[in-house]
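Visitor: There's a structure below that I have some questions on.
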Amino acid sequence: MAKGAWSYRRYATLGALALGWVFVLAQHNFRFTPSAVMLGLAWLCLVWSIQTVWAMADAAASPTDRASWWRHKTPKQELKLQKASLLRALKEIEFDRDTGKLSAQDAESLAATYRQDAIEVMRQLDALDASADASVHGEIKAELARRRAAAGKGTSGKKAAST
């Protein structure tokens, strides 16, 4: 996490805490009564809990996706994330089998399921790449044809003007 983002979160937390305490004290005519103290402590717990959940959500996001984990992802990005997740799961299964947490038969049955899912995701990625390549090639051909047509008009106009 960037230092600036950490500072922002810290200041936002402290600001929310201060505003809540001022509100509680204002409701009690700025007297430290037992109920004001208890409400202030309850507010502290609530703000601390929200800050902790915020930090956990930030830590759960992958390093490459940390700044934009809430943004909409393209189907290709979703498939890449799913592929990475399946490959991590396969490594975990192998590790668990090697350490004895899973029997060889259980590990193989789990791994077969994950492999099949990974293969399907990779096929979908290949299909997306092929369609993207086809559309890019089509766009390039259309642009070349447009430029040739424009160049052909331009050269015939110049020939007519020079004669």
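Throughout, read-outs are computed from the coordinates displayed, never taken from laboratory work. These figures come from a predicted structure and were not determined experimentally. Don't worry about glycine lacking a Cβ; one is built from the backbone with ideal geometry, like all the others, and counts go over all protein chains shown.
Visitor: If you count, for each residue, the other Cβ atoms within 10 Å and average over each peptide, how do 130-143, 22-35 line up from highest to lowest?
Guide: 22-35, 130-143
Visitor: Right, here's the next one. Using the reciprocal of the averaged 1/r over all distinct C-alpha pairs, how large is the Kirkwood radius of segment 71-118 in Å? Spell out each step's value before the answer.
Guide: Numbers: mean 1/r = 0.0868 Å⁻¹.
Result for segment 71-118 stands at 11.5 Å.
Visitor: If R0 is 25 Å, what FRET efficiency do you get for Lys80 and Ala104 from their C-beta distance, rounded to 0.05?
Guide: Numbers: r = 31 Å, r/R0 = 1.23.
Efficiency computed from Cβ-Cβ geometry: 0.25.
Visitor: At 0.36 nm per residue, minus the direct Cα-Cα distance, what do Ser49 and Glu92 gain on full extension? Give it in nm, one decimal, please.
Guide: Value of the extension gain: 12.4 nm.
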